[in-house]
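The values are calculated or read from the model by the stated rules, or taken from the named source; none is laboratory data. Every value quoted in this text rests on a predicted model; they were computed, and no experiment measured them. Heads up, the Cβs are rebuilt from the backbone with ideal geometry, glycines too, and the neighbour counts pull from every protein chain shown.
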Amino acid sequence: MNRRPRVILASASATRIALIKAAGIPFSAVTPGIDERKVEAPLVAAGRPPAEVAMTLAEAKALSVGPVGPEALVIGADQVLDLDGRRLTKPATMGEARSQILSLAGRSHLLHSALAVAREGRIAWRHLESPRLTMRPLAGQEVDAYLDEVGRKALESVGGYQIEGPGIRLFDGIEGDFFAILGLPLLPLVKWLRSAGAVS
């Protein structure tokens, strides 16, 4: 009887871990052994588009785990917020979170969610989805009230919001897959894992 390939998630993200666990996929999670800022620095310096940065980081994470054996499938994932071609990263302070939300208010932005799966030290599959989110116009006092409500959770996500929580109230519209917005395009991943014999 053929054994199913092992599935390894190269991520410390509680959200990504919870999504795969809820899908009933047997897996193990490990922290990827890369310096993300070092990987992305030459791309940013060269002015590469945010979607390319997201995919490069996802591939680097998938390739960072080893040795894992020939039967293992290592999933790398990354997400980059793209505001008219400008890449935003997680806010480091509450002040930065406030500035990010105000810069997004009344405008649409893209969340590039990249996936890559490595097998035997090579990228075997990659996928990119880019949901579009439109934030409603917000006054400074509305942003302050939101940040008072969520506290330092605003520092856990690029843009300072989580749509699965109170952050949904900041938005007028969302186009795209919910799972991709959370940082893991789950439907295409499950489809590919099924084709690779990792899930039924």
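Among the residues of the stretch 5-52, what is the count of those that are small (G, A, S) and more than 19 Å from S113 (Cβ to Cβ)?
So in the stretch 5-52, the residues small (G, A, S) come out as 10-14, 18, 22-24, 28-29, 33, 41, 45-47, 51.
Subset that is more than 19 Å from S113 (Cβ to Cβ): 24, 28, 33, 41, 45-47.
Residues flagged as small (G, A, S) and more than 19 Å from S113 (Cβ to Cβ) within the stretch 5-52 amount to 7.
State whether the residues of the stretch 112-126 include one that is surrounded by fewer than 16 Cβ atoms within 10 Å (Cβ to Cβ) and in contact with a Ser or Thr (Cβ under 8 Å, 6 or more places away or on another chain).
Within the stretch 112-126 (the criterion being surrounded by fewer than 16 Cβ atoms within 10 Å (Cβ to Cβ) and in contact with a Ser or Thr (Cβ under 8 Å, 6 or more places away or on another chain)), the answer is no, since none of the residues qualifies.
How about the stretch 121-175: which strands (runs of 3 or more DSSP E) wholly inside it have at least 1 residues that are over 30 Å from G66 (Cβ atoms) and basic (K, R)? Spell out the reasoning first.
Working: elements: 122-129, 132-135, 171-175.
Ranges flagged: 132-135.
Answer with yes or no whether L133 is modelled with pLDDT of 95 or more, surrounded by 14 or more Cβ atoms within 10 Å (Cβ to Cβ) and farther than 17 Å from A58 by Cα.
On the way: modelled with pLDDT of 95 or more: yes; surrounded by 14 or more Cβ atoms within 10 Å (Cβ to Cβ): yes; farther than 17 Å from A58 by Cα: yes.
When the stated conditions are applied, L133 passes them.
So which strands (runs of 3 or more DSSP E) stay within the stretch 1-107 end to end and still have 2 or more residues that are surrounded by fewer than 18 Cβ atoms within 10 Å (Cβ to Cβ) and over 15 Å from the mean Cα position of the chain (by Cα)?
Values: elements: 7-10, 28-30, 73-83, 86-88.
Ranges flagged: 28-30.
For the stretch 163-198, which residues satisfy the criterion of being under 22 Å from A97 (Cα atoms) and buried (at least 18 other Cβ atoms within 10 Å of the Cβ)?
I163, G167, L170, A180, I181, L182, G183
Anything in the stretch 29-56 that is modelled with pLDDT under 95 and of a type in the set (S, T, N, Q)? List them, or say none.
T31
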